[in-house]
Amino acid sequence: MKRVLGKGYVRLVDVMGSDLTVVNAARVSYAKASDSLNERDIKLIKFLAREGHTSPFRHAIAQFEIYAPLMVARQWWKYVVGSSHQEATGDSLEAWNESSRRYITEEPTFYIPQRDEWRTAPENSKQGSGKKVDDHIIADAATFQLERYVAQGIKLYENAMKAGIAPEQARLFLPAYGMYVRWYWTASLQSVCHFLDQRLEHDAQKEIQEYAKAILELIKPHFPVSVEELL
Ligand SMILES: Cc1cc2nc3c(=O)[nH]c(=O)nc-3n(C[C@H](O)[C@H](O)[C@H](O)COP(=O)(O)OP(=O)(O)OC[C@H]3O[C@@H](n4cnc5c(N)ncnc54)[C@H](O)[C@@H]3O)c2cc1C
């Protein structure tokens, strides 16, 4: 498991296949298969990636459990091709995705940037962010105000439920963008690399970049050649 962004994490739940899976899927039409990865196989993976022959990369699959603020999850769920985002099964996880907090199973938990984590608005662009906020007064105030806002939200949420309002409506009081949600992401190797290709880039939001780095660290040891060639 890799810790990301305060209380967040990425966990590799399961993997199907290896670089050999890619090679053997590509060679099936010649009725040939390798038992262990050799130089010719590596050349074949390079060729497939370079020429955009992507289907062999879709026979390898990885499944992750992710715990991230909703603002990150919201961006992640846009990867709809070759991916499935499913509710984590189990006792307490159902409340931690899009439908979260219809059932009360976990304390709401929030991502609150610390004083050295706030970034300024970018100078020459409408999206993204610029350098670190180096004025400690502004940064401290932002953390303090967000903490207060979250605490107020939790209080209103609890008060609403005490007054008899259904949890599925009471959750409207929670500041949702920073609330951690948990989900399973099952995706083909091609889809994972497509996600990494976009979200490791400097123009992706820094918070999702941190998750992409964790995904890369977890997946690369299982598919070292394919990941290297697809990115
Ligand atoms: C820096 C950055 C900023 C962004 N800003 C915004 C934003 O402001 N608002 C917003 O809504 N989204 C935004 N996005 C999300 C972006 O629009 C994509 O939805 C997201 O990156 C997923 O990429 P994708 O569509 O390629 O992935 P997938 O949906 O997984 O698709 C994978 C690939 O499959 C192919 N494909 C997908 N659907 C079809 C189809 N119907 N027909 C044929 N081929 C298809 C395409 O080649 C696609 O690249 C941003 C993404 C990035 C990286």
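The values are calculated or read from the model by the stated rules, or taken from the named source; none is laboratory data. Remember, it's a predicted structure, so these values are computed and weren't measured experimentally. We place every Cβ from the backbone using ideal geometry, glycine too, and count neighbours over all the protein chains shown. Note: accessible area is taken over every heavy atom of the protein model, side chains too, but ligands, DNA and RNA are not part of it. Shrake-Rupley method; radii C 1.70, N 1.55, O 1.52, S 1.80 Å.
Sort 61-73, 139-151, 216-228 by the packing proxy (mean of other Cβ within 10 Å over each peptide's residues), most packed first. Display every interim value, and only then the final one.
Working: 61-73: 21.3, 139-151: 14.2, 216-228: 18.2.
Taking the mean over residues of other Cβ atoms within 10 Å, the ranking is 61-73, 216-228, 139-151.
Label point 7 Å out from ARG119 along Cα-to-Cβ: which residues of region 139-174 have amide N under 18 Å?
Zone members listed by number: 139-140, 142-143.
Name all residues of region 112-126 having a backbone nitrogen under 20 Å from the label point set 7 Å from the Cα of HIS136 along its Cα→Cβ direction, giving them as ranges.
Once the point is set 7 Å along Cα→Cβ of HIS136, 113-120 turn out to lie under 20 Å by backbone N, inside region 112-126.
Place the peptides 109-119, 155-165 in order of packing, highest mean first, counting for every residue the other Cβ atoms within 10 Å and averaging per peptide.
109-119, 155-165
Based on the Cβ-Cβ distance from LEU156 to TYR177, what FRET efficiency comes out when R0 is 22 Å, to the nearest 0.05?
For R0 = 22 Å, the calculated efficiency reads 0.85.
For region 107-120, take each phi angle, set θ = phi - 60°, evaluate the Karplus expression 6.51 cos²θ - 1.76 cosθ + 1.60, and give the result in whole Hz per residue in order, putting x for glycine and proline.
5, x, 10, 10, 8, 10, x, 7, 4, 8, 10, 7, 10, 7
Just to verify a number: FRET efficiency for THR143 and GLU228, C-beta to C-beta distance, R0 = 45 Å, to 0.05?
Result of the calculation: an efficiency of 0.70.
Enter the accessible area per residue of region 189-229 (Å², integer; probe 1.4 Å; all protein chains in place).
I get 44 Å² per residue for region 189-229.
At 7 Å along Cα-to-Cβ for each site, give me the label-to-label distance between LYS213 and ASP197 in nm.
Simple spin-label model gives 2.3 nm for this pair.
Show me, bin by bin at 10 Å from 0, the whole-percent P(r) of the chain based on Cα pairs.
Histogramming the chain at 10 Å steps yields 7, 27, 28, 21, 11, 5, 1 percent.
How long are the semi-axes of the equivalent ellipsoid of region 112-177, defined as square roots of 5 times the Cα gyration tensor eigenvalues? Whole Å, largest first.
Ellipsoid semi-axes (Å, largest first): 32, 14, 6.
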